[in-house]
Each structure stands twice: as C-alpha cells, then as structure tokens.
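Worksheet: the structure to be examined is printed underneath.
The values are calculated or read from the model by the stated rules, or taken from the named source; none is laboratory data. Note that the structure is predicted; figures quoted are calculated from it, not measured. Cβ atoms come from the backbone with ideal geometry, glycine included; neighbour counts cover every protein chain shown.
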Amino acid sequence: MKLAGDWLHHSGTKALFAGLDAGGHQTLFVGGCVRNAVMGLPVADIDIATAATPDVVTDLCKRAGLRVVPTGIEHGTVTVIAGGKPHEVTTFRADTATDGRHARVAFGTDITVDAARRDFTMNALYARADGMVVDPLVGLPDVVARRVRFVGDPGARIIEDYLRILRFFRFHAVYGDLTLGIDPEGLSACAANSAGIDTLSRERIGQEMRKLLAAADPAPAVAAMAQAGVLGRILPGADPLALGPLVHLEMDLDPDWLRRLASLGGSDIEDRLRLSRAEARDLAALREAIGSMETPVVLGWRLGRQRASDAMLLRAALMDAPLPVGWQQDIARGAAATFPVTAADLMPDVTGAALGQRLKTLETRWIASDLHARRGDLLKS
C-alpha cells in the first residue's frame, strides 16, 4: 500500500529525510501519521523512526541546516524543526525494563523489534519517504478493518504501561469500528490488570478521559470500561447509562467532553481527573442545573447559551424525557436578558444591607416570572 497526502511532500519533511538518508540510516514515518493516512483521516503530527542514534540525528540534521531540540533524549527522541514544522524523531529501540509507567530502553537498528514494543497493531505501521507502507507485524488489516488490538500479548503490553488500558478504550472510541465491538482479548486483559490504574498520575488519567469523551461517540467504549471495572476505578459511582442517549440528543453539536462527563456522575471527579478551576465550576453548575426546577429561560440567563443547552440535554438524557418545545429559543431569550433593576433604582430610599436584600428579593420575583417582569412592575411590588 502506498500513502498519499500533502504531508508527505512538505519541504521540511523532505529535507529531514534527505539529511538522515545522507548518513545511510534507515528512516521511516511511524505511528499516528501512517495510521491516519491509511484510514483517510487528517494527519497533524509527524513521527519518524530511524536507525540513527540521537547524537547522529542531531549531527546530520544540523549539517542540513535544521534546528534540533533534545525533547526526550534519554528515550531516543529529538524534535527536528524543518520548514517551520516540528518532527519527532526517535531511534529504533527495545524496552529493557518497565515499571508500569516508565521504560528503560536500548537503541537498535531492527524495525521489527521497534514495532514489537508499541501498544497497538494500528500504531506499529511504518512508511518510507515515498509513502510505501512497511508493516513488520502485519497490522495493516487491523487498520483497514478499524480493529484496535494490542501488539502481542495484551497483558504484557499493559503491564509495561498501565495507561494503555485507558488508551485501549479511547482508541476504540476514536478509531474502532463500533459495529464490530471491542476486542475481547484486550478487554479481558484490561479487566485483569485494572488495579494498575491506581499507579497512574491523575493528570494522565484526566488527559485520557478528556480525549475519550471528545470522540464522536464514546458511549460503547465507556460502557465497555464499566463492564471491565475500569470506569468505577477511575470514577467511583459513575454510571454510563445516560451517555448513549446524550450523544444521540446532541445531534449536530460539537462533542463536548465536560457535558458528557456530567452525564456519568460519580464522586470526587474534580480531584480524580485534576480538573481546572473553570472546569470544576462548569461541572458543578451543570450538576446543579440538572436537578433544579429552573426553566430553559432561567438556565440561559444563569449559565449562558452553551452550558444552559448542555444542562437541558443532560436532563433529557438522565431522566429519559423529551426536550420541551421551543427550549432553544427560550435559552436564547434568557441568555440575552439582563435583570432590569439596579441599585440606583432603589437608592437613596434603600441603602446598606437592606439594599442588597431588596435587590435579591426583586431578582427572585423576576426569575419567578420567567424573566418577563419589567422594571416598573418590579419597583411597584
């Protein structure tokens, strides 16, 4: 199979290959760029694997006038800026020791050994500079079928890095054929080794969950996570039941991982996923809105158009109830509304603490009117 695409012909990329080829070292595209090109998906990041060691890569690239940044030198990786584009260049390597999070590596020249240390067969594809695919582990059929499988023994790959459990579910959601179902051997290995998730940093877990929930339809993968006992280990008390209906209700909306996270429930989410203050605030607001009796108009005023829409979709998904007629127009009206009474309207007759209390009382009456009450009517009340 031969790949095509503008990314293959970028001037900087061609200059990088030419520089390494000048030293006589086998150099190939690898991983995500090859996988995405095979699947017909956009290619963003360019990863390159080579038989040249990092010091040789650095020397050859500098001779070619390219800028080199030693981003992961101990693992054989340097970033080469060529034609304004970053390329991550990594020496062929093998893992000599792993602890479930980090690996010690030995550099080599064997592409098959390099491929064997990768996580999934769809990430173990290589391609020459001309786009011709090199497939040492016969992973191409998995990519074409959109089938996510671990390289070799799933349990062994997981023990090398327990984050691969979460990546397995994310890759199924993003790249897998959802009609085929999840790979049973991989699912079984994730369930058997799920305790290893406790060794991962919450930042890494949070990053993976953000990516997973941002997939077009993460519901089947998250349901499989629950089945394997992985979801409950990450988010105790989480329930994936409403996620599928929520995705269906979203229709043409862009995926929003936080909206989907709110559908799962669970305890201590903010800390377990290391949410930012803004994310934690939005999540709390959505949870409160789901259980409140506030109308779409009032939600629009309180939360703004986007989060009010999220709250309405979540209510419908969690309560298995239809969305009310005209709810989007009501939210828009609320989002555009401004409480019509100001402190200046009440002064100097009312001041101090009494002023704040009076404003609060009038605001409550305005909300009770579904934001219809006018300034004059409120001041007369």
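Tabulated values for the structure
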{"quantity": "Restricting region 129-156 to residues that are modelled with pLDDT of 95 or more and of a type in the set (D, E, K, R), the residue that is farthest from residue 186 (Cα to Cα)", "calculated": "135"}
{"quantity": "Test: residue 57 is surrounded by 19 or more Cβ atoms within 10 Å (Cβ to Cβ), part of a helix (DSSP H, G or I) and more than 29 Å from the chain's Cα centre (by Cα)", "calculated": "yes"}
{"quantity": "Checklist (1) assigned to a helix (DSSP H, G or I); (2) of a type in the set (Asp, Glu); (3) not assigned by TED's automatic domain parsing to the domain that holds residue 166 applied to residue 208, failing item", "calculated": "(3)"}
{"quantity": "Qualifying residues in region 234-264 (those that are assigned to a loop (DSSP other than H, G, I, E, B) and among the hydrophobic types (A, V, I, L, M, F, W, C)) - the one farthest from residue 200 (Cα to Cα)", "calculated": "251"}
{"quantity": "Filtered residue count, region 354-367, keeping only those that are hydrophobic (A, V, I, L, M, F, W, C) and either more than 27 Å from residue 332 (Cβ to Cβ) or touching a residue at least 40 places away in the same chain (Cβ under 8 Å) (or both)", "calculated": "3"}
{"quantity": "Matching helices (runs of 4 or more DSSP H) fully within region 297-378 where at least 3 residues are surrounded by 13 or more Cβ atoms within 10 Å (Cβ to Cβ)", "calculated": "327-336, 352-368"}
{"quantity": "Residue count for region 120-146, restricted to those that are part of a loop (DSSP other than H, G, I, E, B) and buried (at least 21 other Cβ atoms within 10 Å of the Cβ)", "calculated": "3"}
{"quantity": "Residue tally, condition buried (at least 19 other Cβ atoms within 10 Å of the Cβ), part of a helix (DSSP H, G or I) and more than 21 Å from the chain's Cα centre (by Cα), over region 161-195", "calculated": "1"}
{"quantity": "Tabulated pairs, region 368-381, first in contact (Cβ under 8 Å) with a residue 40 or more places away in the chain, second of a type in the set (Asp, Glu) and surrounded by 14 or more Cβ atoms within 10 Å (Cβ to Cβ), C-beta under 6 angstrom, 6+ apart or interchain", "calculated": "none"}
{"quantity": "Failed condition for residue 343, given (1) within 27 Å of residue 366 (Cα to Cα); (2) outside the structural domain of residue 374 (by TED's automatic domain parsing)", "calculated": "(2)"}
{"quantity": "When residues of region 208-238 are limited to those that are crowded, with 16+ Cβ neighbours inside 10 Å and not aliphatic (A, V, I, L, M), the one nearest to residue 267 (Cα to Cα)", "calculated": "233"}
{"quantity": "Qualifying residue in region 63-79 (condition: assigned by TED's automatic domain parsing to the domain that holds residue 6, under 30 Å from residue 190 (Cβ atoms) and part of a helix (DSSP H, G or I))", "calculated": "yes"}
{"quantity": "Tabulated pairs, region 342-353, first free of Cβ contacts under 8 Å to residues at least 60 places away in the same chain and closer than 16 Å to residue 381 by Cα, second of a type in the set (D, E, K, R) and assigned to a helix (DSSP H, G or I), C-beta under 8 angstrom, 6+ apart or interchain", "calculated": "345/375; 346/358; 350/358"}
{"quantity": "Residues of region 244-262 satisfying the condition of being surrounded by 15 or more Cβ atoms within 10 Å (Cβ to Cβ) and within 16 Å of the chain's Cα centre (by Cα)", "calculated": "247, 256, 257, 258, 259, 260, 261, 262"}
{"quantity": "Residue 23 vs. criteria at pLDDT below 90 and either in a helix (DSSP H, G or I) or in contact with a helix residue (DSSP H, G or I) (Cβ under 6 Å, 6 or more places away or on another chain) (or both)", "calculated": "yes"}
{"quantity": "Residue match in region 110-118 (condition: in the same structural domain as residue 173 (by TED's automatic domain parsing), in a helix (DSSP H, G or I), small (Gly, Ala, Ser) and surrounded by fewer than 21 Cβ atoms within 10 Å (Cβ to Cβ))", "calculated": "no"}
{"quantity": "Meets criteria (closer than 16 Å to residue 210 by Cβ and outside any helix (DSSP H, G or I)) for residue 274", "calculated": "yes"}
{"quantity": "Failed criterion for residue 308 (all others in (1) over 34 Å from the mean Cα position of the chain (by Cα); (2) at negative phi; (3) not polar (S, T, N, Q) hold)", "calculated": "(1)"}
